[in-house]
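Here's the structure we're looking at; comments come further down.
The values are calculated or read from the model by the stated rules, or taken from the named source; none is laboratory data. Please read all numbers here as calculations on a predicted model, not as lab measurements. Cβ atoms come from the backbone with ideal geometry, glycine included; neighbour counts cover every protein chain shown. Side chains are part of the model used for accessible areas, which takes the heavy atoms of the whole protein and leaves out ligands, DNA and RNA. Shrake-Rupley method; radii C 1.70, N 1.55, O 1.52, S 1.80 Å.
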Amino acid sequence: MLFVVEAGFLAIREIVSPPFRHVLFKSLAMTLAILAMIWIGLDKLALSFILIDHPLLQTLVGYATGAGLFIFLAFFIGPISVIVSGVFLDNLADIVERDLYDENERGQAIAVSQAIIMGLRFAIISAGINFLALLLLFIPGLNAVAFVLANAYLLGREYFLFIATRFLPLAQALEMRRAYAVKLFIAGLFIAVFVAIPGLNVLTPLFGVAFMSRIYQELARQSALTNHQN
């Protein structure tokens, strides 16, 4: 599994390279804008239910509400990042594939309707898993483990599917995903840890696409070798 580690380092280097910067700024701005709108909306909603006349208590409650929302939203970086990745997936994948493949071997952009369906499904599943992890927040240690493992399983599967469908029909991509489930879970751990790092987690779509493009290339090579031997 050394190729997974190598793919991770190469992906980190690529997301700060010049071709990625334009997409980086757009992705970062969109993710932060979404988070800010959710924060402001939830903050106003929460404070509308709190009736306190004392100025000091109002201030303390405001800070406490803000801190609570920060923790709450941290668990939903995954669903938000996948929405962003759905918008920029093809642009990001095109950039990575220029370095990985000859021109006639590169993937094709997936249909808009399929991208929307996949993105929404991924976001809903991700939100559900992260909500369950949020419920474990008050169990020391267990909540962090649940967060990482749940996202490793989800992100490994879904980012792979995003990339694989650029090269394969959906049915074949799903079959390949099942065949390499363990390796994709291990690869997903890298993305899950990336998601868990404050500040860097908003760059998850860029890392996920750059990383999983390389993982797909290696697994496709292994699959071709296996089929040839059979």
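Rundown of residues vs (1) modelled with pLDDT under 80; (2) surrounded by fewer than 17 Cβ atoms within 10 Å (Cβ to Cβ); (3) not in a loop (DSSP other than H, G, I, E, B), yes/no style:
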{"site": "99", "(1), (2), (3)": "no, yes, yes"}
{"site": "104", "(1), (2), (3)": "no, yes, yes"}
{"site": "107", "(1), (2), (3)": "no, no, no"}
{"site": "114", "(1), (2), (3)": "yes, yes, yes"}
{"site": "120", "(1), (2), (3)": "yes, yes, yes"}
{"site": "123", "(1), (2), (3)": "yes, no, yes"}
{"site": "129", "(1), (2), (3)": "yes, no, yes"}
{"site": "137", "(1), (2), (3)": "yes, yes, no"}
{"site": "150", "(1), (2), (3)": "no, no, yes"}
### Positions within the stretch 5-20 being β-branched (Val, Ile, Thr) and surrounded by fewer than 18 Cβ atoms within 10 Å (Cβ to Cβ), in sequence order
5, 12, 16
### Task
Please enumerate the residues belonging to the stretch 152-170 that are open to solvent by 10 Å² or more (accessible area, probe 1.4 Å), aliphatic (A, V, I, L, M) and modelled with pLDDT under 90.
170
### Message
If I ask for residues that are free of Cβ contacts under 8 Å to residues at least 24 places away in the same chain, of a type in the set (Val, Ile, Thr) and part of a helix (DSSP H, G or I), which ones from the stretch 171-228 would you list?
### Response
182, 226
#### Entry: Residue list for the stretch 143-195, filter: β-branched (Val, Ile, Thr) and farther than 26 Å from residue 108 by Cα
145, 148, 182, 186, 193, 195
